[in-house]
Amino acid sequence: MDFIMQGFADFGEKFYDNFIKDARWQYLTDGLANTLIITFLSIIIGLILGFLIAIVRSTHDKTGKLGFLNVIAKLYLTVIRGTPVVVQLLIIYFVIFGSFDIDKLIVAVIAFGLNSAAYVAEIVRSGIMSIDNGQFEAGSSLGLGYIQTMIYIILPQALKNVLPALANEFIVLLKETSVSGYIAISDLTKGGDIIRSLTYEAFLPLIAVAVIYLVMVMFLSFLVTKLERRLAKNDKR
Amino acid sequence: MINVNNLNKSFNELHVLKNITETIEKGEKVVIVGPSGSGKSTFLRCLNLMERPTSGEIFVDGVDITRLPEKEVNLIRRRMGMVFQHFNLFPHLTIKKNITLAPVKLKLMTQEEADRVAEELLAKVGLSDKAEQYPNQLSGGQKQRIAIARSLAMNPEIMLFDEPTSALDPEMVGEVLNLMKELADDGMTMVVVTHEMGFAREVASRVMFMDEGMIVEQNTPAEFFANPRSPRLKEFLSKVL
């Protein structure tokens with residue numbers, strides 16, 4: 001009995017040291033805020049840029065036009081998808097913005113946004129290419145131009161098909177921002193690590209960080225599953 | 001209305017259309033028949049440049065459309081309705097929106113005007129009750145009737161039909177052919193690629209037989225079916241009739 005009580009007391013003390021004392025929990029909440037800000041803004045950049053790249057690529061695939069832009073887009077995709085995101089982050093911070101005084105959060109948003117755009121682009125492109133060519137033909141047989149056909153007929157269908165894949169990409173992005181600490185941003189992961197270095201106690205802060213990521217991912221995955229079900233239901237109408 | 005001059009179309013090594021020269025007058029109902037792979041669909045699809053000819057000219061009211069820039073080609077396509085074998089309705093839009101999308105987005109009508117036109121057309125094709133449904137809720141025959149209504153919303157001068165009944169269950173072929181007959185009676189200029197010989201006999205003003213990328217023979221339907229001249233048409237008719 002004493003043994004168990006002692007265990008609880010130890011745990012309580014450690015919990016106090018790691019999270020309560022000196023308001024150390026704030027390392028986690030502040031870090032979480034940064035993680036969410038970086039993720040959210042990167043998603044927006046990734047979506048806008050990714051869509052543009054996807055449209056360039058699929059226009060080239062379908063019509064043979066935009067050859068030059070397509071080469072640039074392909075080069076971009078190859079480089080971004082062929083190198084680790086940490087390396088991209090370091091290069092953008094130390095090389096590209098090395099001599100500028102710029103908010104590190106902005107650097108992270110740019111780096112993760114550019115990275116995510118490459119993956120979004122390929123997801124959206126696969127969605128566009130999956131739409132039957134008859135839809136393009138029906139559009140142009142009615143006199144709609146390529147861009148109008150794209151906006152009103154192809155993209156709405158393509159987007160619906162790839163929505164779950166896009167959502168999954170953003171879940172991955174949320175986890176990938178955990179390398180922000182490499183440029184000394186206090187994100188969630190870094191927050192846990194700071195507590196560890198203060199208390200010389202690894203278990204509790206790191207497990208806490210892991211649990212927070214896990215809960216967020218599980219929640220988002222739950223939303224994706226719901227979304228997929230709703231889309232499937234719409235298909236049956 | 002349409003003059004085709006020395007039209008050739010090749011897909012890589014495959015020479016699909018060989019030196020076709022042909023005229024289609026306003027008000028004509030031309031039915032094109034022939035074996036699979038004879039080039040009849042490709043010929044039809046060249047008329048509104050769904051396929052780009054390899055060489056030759058296509059004059060629509062005296063203008064060579066093969067030399068027009070893409071923007072002006074779109075203007076020509078507005079005047080030529082096309083009905084596809086697989087309907088190609090827009091699955092993400094309601095039936096009414098399928099019909100009104102092009103006239104509204106091309107700023108030819110306001111949404112209210114287009115809605116009114118759509119209602120008239122739906123009444124014409126006998127599907128007024130389906131306006132707010134989605135294409136996947138309809139049968140094949142209903143889908144094709146909607147596809148025809150969608151083309152008519154653009155008020156075309158000519159309608160091109162690319163095997164409009166080939167993807168339908170047999171019991172639904174009749175409703176689509178009847179609608180096409182009505183259109184013909186209204187005086188619409190029509191070019192129809194089909195395997196429905198009964199339709200050709202009844203509706204066509206001229207029946208054309210294509211084989212191996214050439215127009216082998218053409219005639220009034222009565223003569224075409226009663227007195228085929230070329231051995232290939234005789235053989236074809238003996239198989240399909």
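Assorted remarks:
- Of all residues in segment B:193-220, those that are within 25 Å of residue B:5 (Cα to Cα) and in a loop (DSSP other than H, G, I, E, B) total 6.
- Top-ranked residue of segment A:152-162 - restricted to ones that are within 9 Å of another protein chain (Cβ to nearest Cβ) and surrounded by fewer than 20 Cβ atoms within 10 Å (Cβ to Cβ), ranked as farthest from residue A:122 (Cα to Cα): A:152
- Filtering B:71, B:96 for residues that are away from chain A (no Cβ under 14 Å), more than 21 Å from the chain's Cα centre (by Cα), part of a helix (DSSP H, G or I) and not aromatic (Phe, Trp, Tyr) leaves a single hit, B:96.
- Of all residues in segment B:139-181, those satisfying the criterion of being within 14 Å of chain A (Cβ to nearest Cβ) and among the aliphatic types (A, V, I, L, M) are B:146, B:147, B:148, B:149, B:152, B:153, B:154, B:158, B:159, B:160, B:167.
- Test: residue in segment B:40-57 that is acidic (Asp, Glu), surrounded by fewer than 20 Cβ atoms within 10 Å (Cβ to Cβ), outside any loop (DSSP other than H, G, I, E, B) and without any contact (Cβ under 8 Å) to a residue 24 or more places away in the chain: no
- Within segment B:79-90, the set of residues being surrounded by 20 or more Cβ atoms within 10 Å (Cβ to Cβ) and facing another protein chain (nearest Cβ under 7 Å) comprises B:82, B:84, B:88, B:90.
- When residues in segment B:99-138 are screened for being of a type outside the set (Gly, Ala, Ser), more than 12 Å from chain A (Cβ to nearest Cβ) and part of a helix (DSSP H, G or I), 13 of them pass.
- Condition met for residue A:61 (free of Cβ contacts under 8 Å to residues at least 40 places away in the same chain and among the charged types (D, E, K, R)): no
- Residue A:167 among the small types (Gly, Ala, Ser), over 19 Å from residue A:32 (Cα atoms), in contact (Cβ under 8 Å) with a residue 12 or more places away in the chain and in a helix (DSSP H, G or I): yes
- Close pairs (6 angstrom Cβ cut-off, 6 or more residues apart or separate chains): of a type in the set (Asp, Glu) in segment B:199-212, surrounded by fewer than 20 Cβ atoms within 10 Å (Cβ to Cβ) anywhere: B:211/B:232
- Within segment B:115-147, the residues that satisfy the criterion of being surrounded by 22 or more Cβ atoms within 10 Å (Cβ to Cβ) and closer than 17 Å to residue A:137 by Cβ are B:143, B:144, B:146, B:147.
- Within segment A:1-25, the set of residues being without any contact (Cβ under 8 Å) to a residue 60 or more places away in the chain and either among the aromatic types (Phe, Trp, Tyr) or surrounded by 12 or more Cβ atoms within 10 Å (Cβ to Cβ) (or both) comprises A:3, A:8, A:11, A:16, A:21, A:25.
- Residue, nearest to the other protein chains (Cβ to nearest Cβ), within segment A:108-127, restricted to residues that are more than 30 Å from residue A:95 (Cα to Cα) and crowded, with 22+ Cβ neighbours inside 10 Å: A:127
- Meets criteria (of a type in the set (Val, Ile, Thr) and more than 22 Å from residue B:165 (Cα to Cα)) for residue B:60: yes
- Note on segment A:95-122: residues that are without any contact (Cβ under 8 Å) to a residue 24 or more places away in the chain and of a type in the set (A, V, I, L, M, F, W, C) total 6.
- From the options B:11, B:90, residue that is more than 30 Å from residue B:131 (Cβ to Cβ) and of a type in the set (Phe, Trp, Tyr): B:11
- Any hit, segment B:182-192, residues being at pLDDT 95 or above, within 14 Å of another protein chain (Cβ to nearest Cβ) and assigned to a strand (DSSP E or B): yes
- Residue within segment A:104-125 that is of a type in the set (Ser, Thr, Tyr) and farther than 30 Å from residue B:75 by Cα present: yes
- Residue check for residue B:160: hydrophobic (A, V, I, L, M, F, W, C), modelled with pLDDT under 95 and outside any helix (DSSP H, G or I): no
- Count of segment A:128-151 residues which are away from chain B (no Cβ under 11 Å) and touching a residue at least 60 places away in the same chain (Cβ under 8 Å): 3
- Residues that are out of contact with any helix residue (DSSP H, G or I) (no Cβ under 6 Å at 6 or more places or on another chain) and part of a helix (DSSP H, G or I) do not occur anywhere in segment A:184-191.
- Selection count where residues are in a helix (DSSP H, G or I) and surrounded by fewer than 14 Cβ atoms within 10 Å (Cβ to Cβ), scope segment A:49-75: 7
The values are calculated or read from the model by the stated rules, or taken from the named source; none is laboratory data. Just so you know, these numbers come straight off a predicted model, no measurement behind them. Cβ atoms come from the backbone with ideal geometry, glycine included; neighbour counts cover every protein chain shown.
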